[in-house]
Amino acid sequence: MSKPVIAFVTGGYSGEAQISYKSALTIEANIDTSKFEYFTIDIRRDGWWCRTPGGELPVDRSDFTVRIGDRHVRFDAVLIGIHGTPGEDGKLQGYFDMLGLPYSSCDTTSSAITFNKRYTVAVAGMSGIAVSKSFHYFKGETVDYDAVASTLQFPVFVKPANGGSSIGMSKVPDAAGLPAAVAKAFAEDDQVLIEEFVAGREFTIGVCRLQGQIVTLPMTEVISENYFFDFEAKYQGKSREITPAELDEAKAEKIRAAAEKIYRLFNCSGVIRIDFIYNEAADQPYMLEVNTVPGQSEASIVPQQVKAMGMRLMDFYSGLIEDALHRRKA
């Protein structure tokens, strides 16, 4: 019996492509080739390319197939490893939905909503998840800095509403720093979120669906050496990450329960990572954001959590692929 043929997609159109390629090194090293045949598809501005020993070959975007010599390769499922657009914001998911091709990540709607930080906190907040107070502006709108300063307590975070990896994000200690931080965020996106800082310890937790069951991975406490958990802290070793986190079990259970509720609320699939601040005064976790295509590089948190659970990365990725294949059969 032939093995399922999997397309592993990497690259992307944003600055996060560099993170996609780092994740790809881990994922490609841990796809079980005894179970699956896979081809790496590099999605770039200059085209969609299938990597082969003989060089790159173009992908036929009309049906997402590749001709390799005499073989016309058709895929049974897609393993999505693109951070940022178009792999994390729902665009690729919509394309694959139109082709009837299953994939490993959240669906089109869930990906699009969670890619926008403002819409994520709005939906979560309306559903009883604790979130920070915030202001949201579109490019071209007049930012009411007086309203922001009188309503929110400083410091505040200013961030692009769409995007990840903390690109374009600033932690602002006072009102004087707001205009420069807003300009920095607007340089990355046409929407900006200004969010009140919530004091507490930062935790992040992976959640996935394996064999039809929602699984919360061992959570990680993030202690940044920088002013906040920025790009440098995330990807250049400027943070301490304690996995599994050392946390009172009652508090840990509140985070796990919130994480599972969020996974169900946004109708997620595959593996996601949710960031929280645990505020001691309120004795509850505040959701910061949802990452529907979390990093998988050596420096990334989800691989750490998978290993802490006692699971091999190869078995983990196999589980994600099998879950996608199961959705096609269903």
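None of the figures in this text is laboratory data; all of them are computed from the coordinates on show. Note that this is a predicted model, so its numbers are computed, not measured. Cβ: placed from backbone, ideal geometry, glycine included. Neighbour counts: every protein chain shown.
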Note: probe point = Cα of Lys261 + 7 Å toward Cβ; backbone nitrogen < 12 Å; residues of segment 96-138 passing the test are 124-131
So Ala187 and Lys3, fully extended at 0.36 nm per residue minus their Cα-Cα distance, gain in nm 61.7 nm
Taking Lys and Arg as +1 and Asp and Glu as -1, residues besides Asn291 with C-beta under 10 Å from its C-beta add up to -2
Pairs over 22 Å Cα to Cα, from Lys159/Lys261; Lys139/Lys184; Lys117/Lys184; Lys133/Lys171; Lys91/Lys254, come to Lys159/Lys261; Lys91/Lys254
Per-residue Cβ contact counts at 10 Å, fewest first, order Val293, Val5, Val148 as Val5, Val148, Val293
Taking every other residue with Cβ under 14 Å from the Cβ of Lys35 and scoring Lys and Arg +1, Asp and Glu -1, one gets -4
Note: segment 138-196, point scatterers on Cα, Debye, no solvent; log10 I/I(0) at q = 0.15, 0.17, 0.19 Å⁻¹ equals -0.36, -0.47, -0.58
Among segment 121-151, those whose backbone N falls under 16 Å of a label point 7 Å along Cα→Cβ from Ala282 are 121-135
For Met287, Met126, ascending order of other Cβ atoms within 10 Å (fewest first) is Met126, Met287
Check: C-alpha center segment 61-119 vs C-alpha center segment 20-36, spacing in Å is 17 Å
Among Ala187, Ile274, Val156, the residue whose Cα sits farthest towards the positive end of the charge dipole of the chain (+1 at Cβ of Lys and Arg, -1 at Cβ of Asp and Glu, taken about the Cα centre) is Ile274
For Lys22, counting only aspartates and glutamates whose alpha-carbon sits under 15 Å away and dropping same-chain residues fewer than eight positions off, the answer is Asp42, Glu232, Glu298
From DSSP H assignment alone, runs of 4+ in the chain each adding -39500 (n - 2.57), the sum over residues rounded to the nearest 500 puts [θ] at 222 nm at -9500 deg cm²/dmol
Mean separation of Cα contacts under 8 Å (at least 6 apart) over the residue count of the chain, i.e. the relative contact order in percent, is 19 percent
Counting only DSSP beta bridges with both partners in the chain, the antiparallel fraction in percent, to the nearest 5, comes to 80 percent
Segment 5-105: relative contact order from alpha carbon pairs under 8 Å, six or more residues apart, as a whole percent, is 33 percent
Per-residue Cβ contact counts at 10 Å, fewest first, order Ile274, Ile43, Ile68 as Ile68, Ile43, Ile274
Once Lys and Arg are counted +1 and Asp and Glu -1 for all other residues with Cβ under 15 Å from that of Gly319, the total becomes +1
Per GNM of the chain with C-alpha springs under 10 angstrom, the most fluctuating residue out of Asp174, Asp189, Asp275 is Asp174
Here segment 285-290 yields Karplus 3J(HN,Hα) values (6.51, -1.76, 1.60; θ = phi - 60°; whole Hz; Gly and Pro given as x) of x, 9, 6, 9, 6, 10
By the mean-Cβ-within-10 Å protection proxy, highest first, 313-323, 86-96 rank as 86-96, 313-323
Against the 2.2 N^0.38 Å rule of thumb, the C-alpha Rg of segment 5-105 sits at a ratio of 1.00
